[in-house]
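Participant: One structure, as structure tokens, below. Some questions next.
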Amino acid sequence: MGAQLRVYKRRIRSVTATKKITKAMEMIAASRIVKAQRKVAASTPYATELTRAVTAVATGSNTNHPLTTEADTPTRAAVLLITSDRGLAGGYSSNAIKQADRLTERLRGEGKEVDAYIVGRKGVAYYGFRERKVAESWTGFSDNPTYADAKSVAAPLIAAVQQDTAQGGVDELHIVFTEFVSMMTQTPVDNRMLPLSLEKAAEETGGKGEILPLFDFEPSAEDVLDALLPRYVESRVYNALLQAAASEHAARRRAMKSATDNAGDLINSLSRLANAARQAEITQEISEIVGGASALADATAGSDK
């Protein structure tokens, strides 16, 4: 019985240590969410206004440009998937990967080849384990991305869009990331960045039905769109990286809170078992003492006769 009590106490110490770790990780994630939310709020107006500018240029010109013009028969698409570098975030990365798989199946069902671009070690590991081809991958900044990181991610995507499909270019550019809705809700989404849908862009910028002014373009509308294309892609990628980072921290906080609560429940359960084992040990000792005293009394009584 004493051995069983030692086992319970050892497990309680182990779970208590784990609870301290998960509680600390929960607090760290909670503190980082606020910073990530501020970055999302700061980047969103820039991305929105840039989209509005691209929409105005595209509406006010008849230029065929990969930024706004769909190919007659698109045959190739690029999908940028944003996951996390670290685990302990619940189903954050797996949900984004599932969303990317659904998008890939849909694109292939439309007869398009798909090039995968991955951000985050979890996505890279998933594709590597299944021996799937990855055009480009980036790791090391999923929880705290900078604009320089967004530029490095956007560069090969922009090059692929500007290149002819016969030489490895793409007709469409999609991005899969986890949108930060609230502290409790993070939703994996897939958006088509290129070609830009003017109607959807108007809805996103709140300008649906808005009458846009007429513009004169110098030197030409095509040159203006060429200049806006990198900025547009970089801003969209940066905003998606920030949204994903905020979602990652929120998912990790929720997962660590759940782990901390479960550890507390397990400690209570083990404490009850340890108390029961200790009570049983005490009861057994008392029984042995009483039995020994009774045997001694019987022996003494027999010798007196």
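Participant: With N denoting the number of residues in the chain, provide Rg(C-alpha) divided by 2.2 N^0.38 Å, to two decimal places.
Facilitator: For the chain, the normalised Cα radius of gyration is 1.59.
Participant: What percent do you get for the relative contact order of the chain when only Cα pairs under 8 Å and 6+ apart count?
Facilitator: That works out to 32 percent.
Participant: May I have the convex hull volume per residue, in Å³, for the Cα set of the range 33-159?
Facilitator: Expressed per residue, the convex hull around the Cα atoms of the range 33-159 is 129 Å³.
Participant: Okay, next question. If I model a spin label at ARG38 and GLU70 as a point 7 Å from the Cα along the Cα→Cβ vector, what separation in nanometres do I get?
Facilitator: 4.2 nm
Participant: Please check: in the Gaussian network model of the chain (C-alpha springs, under 10 Å), which one of ILE267, ILE289, ILE28 has the largest mean-square fluctuation.
Facilitator: ILE289
Participant: Relative to the present Cα-Cα distance, how much length would full extension add between GLU218 and SER94 at 0.36 nm per residue of separation? Write out the running numbers ahead of the final one.
Facilitator: Details: separation 124, 0.36 × 124 = 44.64 nm, distance 4.68 nm.
Full extension of this stretch gives 40.0 nm more.
Participant: Moving to a separate point now. Whenever you get a sec, compute what percent of the accessible area on the chain sits on carbon and sulfur atoms (1.4 Å probe). Please list the in-between numbers first.
Facilitator: Numbers: 8660 of 16560 Å².
It is 52 percent, rounded to a whole number.
Participant: By accessible area of protein heavy atoms, probe 1.4 Å, what ranking do LEU88, LEU81 get, highest first?
Facilitator: LEU88, LEU81
Participant: List the trypsin sites (Lys or Arg not before Pro) in the range 1-98 that DSSP assigns to loop (not H, G, I, E or B) and whose Cβ has at most 16 other Cβ atoms within 10 Å. Which are they?
Facilitator: Passing sites in the range 1-98 are ARG86.
Participant: Averaged per residue, what accessible area in Å² does the chain show with a 1.4 Å probe, protein chains only?
Facilitator: 54 Å²
Participant: Per the helix-only calculation at 222 nm, which mean residue ellipticity applies to the chain, given -39500 (n - 2.57) for every DSSP H run of n ≥ 4 and division by its residues, nearest 500 deg cm²/dmol?
Facilitator: When only DSSP H runs of four or more count, the value is -23000 deg cm²/dmol.
Participant: Taking the dipole about the Cα centre of the chain, with the C-beta of Lys and Arg at +1 and of Asp and Glu at -1, give me whichever of SER94, PRO45, LEU273 is farthest to the positive side.
Facilitator: Toward the positive end, the furthest listed residue is LEU273.
The values are calculated or read from the model by the stated rules, or taken from the named source; none is laboratory data. Computed from a predicted structure; not experimentally measured. Glycine also receives a Cβ, built like all others from the backbone with ideal geometry; neighbour counts cover every protein chain displayed. Surface accessibility is based on the protein's heavy atoms, side chains included, excluding ligands, DNA and RNA. Shrake-Rupley method; radii C 1.70, N 1.55, O 1.52, S 1.80 Å.
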